[in-house]
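Trainee: Just dropping this structure here.
Throughout, read-outs are computed from the coordinates displayed, never taken from laboratory work. Bear in mind the structure is a predicted one, so any value in this text is a computation, not a measurement. Here the Cβ positions follow ideal geometry from the backbone for every residue, glycine too, while neighbour counts run over all protein chains shown.
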Amino acid sequence: MQGMALAIQHCDLPVIVQSDFSIALSALSDESLSRSAYGHLVTEIRHLMIDREFIAFKISRLQNRVADRLALYSRTESITAVWLGRGPPCVEDLLPLDVTLHLWNKSLLLAQKKKNK
């Protein structure tokens, strides 16, 4: 949640949401999780989506090694951090290989084309 709010504050481009959990992605556009234990999170995310274009992608965990490594990092380190403009050292080796980077660059290009029209 905080990551999405920070992304919205620091950039006016579309926000890319990726997950290997299709139920979570579908909950952003329907009411499937509104009564679950996670309903409040879905509601907050939908509120953030009002003023910004969100692009949702269903990907496999193998396609998003950076997120997997960051999740591992968050379980082993007890810090809160934000990296603006550059990723953390623990994922630098994975960035060129990750599908996320490819999708991000593609989304940036599409957003810039829309903005220039």
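Trainee: If you wrap a convex hull around the Cα atoms of the stretch 33-101, how much volume per residue is inside, in Å³?
Mentor: So the per-residue hull volume is 146 Å³.
Trainee: Mind ordering 63-69, 15-21, 81-87 by average Cβ neighbours within 10 Å, highest first?
Mentor: Answer by packing, highest mean first, reads 63-69, 15-21, 81-87.
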